[in-house]
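The values are calculated or read from the model by the stated rules, or taken from the named source; none is laboratory data. Bear in mind that the values here come from a model prediction, so they are computed numbers and not experimental data. All Cβ positions, even for glycine, are placed from backbone atoms using ideal geometry, and neighbour counts span all protein chains on display.
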Amino acid sequence: MTRLWNDPAAFADEMIDGFVAANGRYVRRVTGGVVRSTVSPAGQVAVVVGGGSGHYPAFGGLVGQGLAHGAAMGNLFASPSTQQVYAVAKAAENGGGVFFSYGNYAGDVLNFDAAQERLRGEGVACETVAVTDDIFSASPDEAHKRRGIAGDLTVFRIASAAAEAGYDLGEVTRIARLANERTRSFGVAFTGCTLPGADHPLFSVPEGRMAIGLGIHGEPGIDETGIPTADELAELLVSRLLDERPAGADGRVVPILNGLGSLKYEEMFVVYRRIAQLLEGAGLEVVDPHVGEYCTSFDMAGTSLTLFWLDDELADLWDTPVDTPAYRRGSVAPAERTDAAVDAAETAEAIPAADEASRAAAATVLAAVRTIADTVDTHVDELGRMDAIAGDGDHGIGMQRGSHAALAAAAKAAEAGAGARTTLARAADAWSDKAGGTSGALWGVILNAVAAKLGDEGDPDATSVAAGVAAGAQGVMAYGKAEVGDKTLVDALVSFSSTLTGAVDSGAALADAWRTAADAATRAAAATADLLPRMGRARTHGQNSVGTPDPGAHSLALIVTAVGDVLATRKEHAHG
């Protein structure tokens, strides 16, 4: 369990501040994460990695000469926001374009892709390879759906070595794809992990049992078995991975036995002793074996084995010297320190002009956002428990971070005289930025779409609000690639939007139409209990989630129901 923290909500930021204070020779703090504190050659491709915090040394611990140029660092087990990824990439970019790499999780894909598109729009060349090394998270014929776990290290290191060697962006991408195709991992756990402030782990394993095929975000294992001996565990890990030897592998392999947080090094050495024997017995040439912590899951007791299959080019790049806070190989030449003042302070955007009617509507927007935050606070534990059944258990925490950030931003905007559009847009951006993860990105899309239809002039009518919700639903499906029936937030959102539009088109007042739509969303969210997930982290756990509604759909239904009360109150006051 986690024993030391101040405010759990501030844990990740305080951790990053302390990490930077302890490692100034390697990294400096920038908005959204860290970048190298040393100068990189002009024109070199910038390798930017990232993901949620709680996986040290991934991701900030892998920033430094010979490895990553920057790391976007989200909250605990939550992907960094689009704004964070963009800010780190801007700070790291050095004229050669940006190469992004991260574990293949929905929130990371959403936010890194959005940052990439923003950078491309500004003329910065960008490419991405998402790491898909976890063999237990999808079948070989759906390898593109697999998660990234400790195999992140091999892809990050090869891409960074290629950048160091002067490869251009296209060539860095090519060799990183090859490294990903040559990397296979498989993990087990004996206990779950407990986040700061939580009174129970995200999942538990029965005494004397072992979870197989777990994720690194507290997702439960896909299977379970009795705890084996050290030799039996080695045999399980090696046999499963050798069953998936990549095509073209020439027999040279880098084994990485990774500790997930609280498994002792001595235990891992006992396991690795047998792994080495098995690999040698299979006729393989073991190159540069790794035993240690490279991608943890906070305090989880568990381990994973990664096999990285080399060829001549990959072997040469693997020998590149590396010097980072948590990972060192060989000897790098001293590099000049950068000027920390280069990272300019953010400037506050001016509040656009608004008329009196729109400022009055902004008061309703603020009341709605306050109600959202209150609703999430009331149900935060329930949402976390629902998410832990087939996900990582952080949905409640993420929604709480996002909604409270949205409330603070909306209150500040409204106090400054903002209209309805600006007040809600500021809330949307703050939610997306502070929540991170999939839900943060999607709520940012929803609220921004509604904001665009409200405008900063006049009192928005029901048709405009319904059109905004419809645009939000379309944006979420385009952005997240989910459809009705995939067991996601989309199931409740589409039902809510279509019912709202239909009621408004039939002449219903906004408050009445909204309540009718909220009832439809509640029924749609409840119906997700019967579905098998086809998207998101729950997809990996399939049958485990049957019988439990999707937490994203459920939280949306709770929120639109509560906002309906705000609109009803406004209607009563307007007629009072």
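Couple of notes before you dig in:
- Residue in the stretch 211-219 that is at pLDDT 95 or above and more than 22 Å from the chain's Cα centre (by Cα) present: no
- Subset of the stretch 288-308 [farther than 24 Å from Gly251 by Cβ and aromatic (Phe, Trp, Tyr)]: Phe298
- There is no residue in the stretch 5-18 that is surrounded by fewer than 22 Cβ atoms within 10 Å (Cβ to Cβ) and farther than 26 Å from Gly440 by Cα.
- Failed item, numbered, when Arg209 is tested on (1) in contact with an Asp or Glu (Cβ under 6 Å, 6 or more places away or on another chain); (2) in contact (Cβ under 8 Å) with a residue 60 or more places away in the chain: (2)
- Strands (runs of 3 or more DSSP E) enclosed by the stretch 177-266 - at least 1 residues per element that are among the basic types (Lys, Arg) and touching a Lys or Arg at 6+ places or on another chain (Cβ under 9 Å): 183-191
- One residue stands out among those in the stretch 139-167 that are touching a strand residue (DSSP E or B) at 6+ places or on another chain (Cβ under 9 Å) and basic (Lys, Arg): the one that is nearest to Tyr327 (Cα to Cα), which is Arg157.
- Residue match in the stretch 70-84 (condition: assigned by TED's automatic domain parsing to the domain that holds Thr324 and over 30 Å from Ala406 (Cα atoms)): no
- Selected residue [within 22 Å of Asp429 (Cα to Cα) and modelled with pLDDT of 95 or more] from Ala114, Ala71: Ala71
- Scanning the stretch 105-123 for residues being part of a helix (DSSP H, G or I), buried (at least 19 other Cβ atoms within 10 Å of the Cβ) and within 17 Å of the chain's Cα centre (by Cα) gives a total of 10.
- When Lys145 is tested against (1) of a type in the set (Lys, Arg); (2) within 20 Å of the chain's Cα centre (by Cα); (3) modelled with pLDDT of 95 or more, only condition (3) is not met.
- Residue within the stretch 262-282 that is in contact (Cβ under 8 Å) with a residue 40 or more places away in the chain and within 27 Å of the chain's Cα centre (by Cα) present: yes
- Filter result for Leu493 (surrounded by 24 or more Cβ atoms within 10 Å (Cβ to Cβ), of a type in the set (A, V, I, L, M), at pLDDT below 95 and more than 17 Å from Leu567 (Cα to Cα)): no
- Matching residues, the stretch 289-309, being of a type in the set (S, T, N, Q), within 21 Å of Gly208 (Cα to Cα) and not in a strand (DSSP E or B): Ser297
- If the condition is being under 25 Å from Lys90 (Cβ atoms), in a loop (DSSP other than H, G, I, E, B) and touching a residue at least 24 places away in the same chain (Cβ under 8 Å), then the stretch 1-24 contributes only Asn23.
- Test: Glu382 is more than 20 Å from the chain's Cα centre (by Cα), surrounded by fewer than 24 Cβ atoms within 10 Å (Cβ to Cβ) and under 22 Å from Val546 (Cβ atoms): yes
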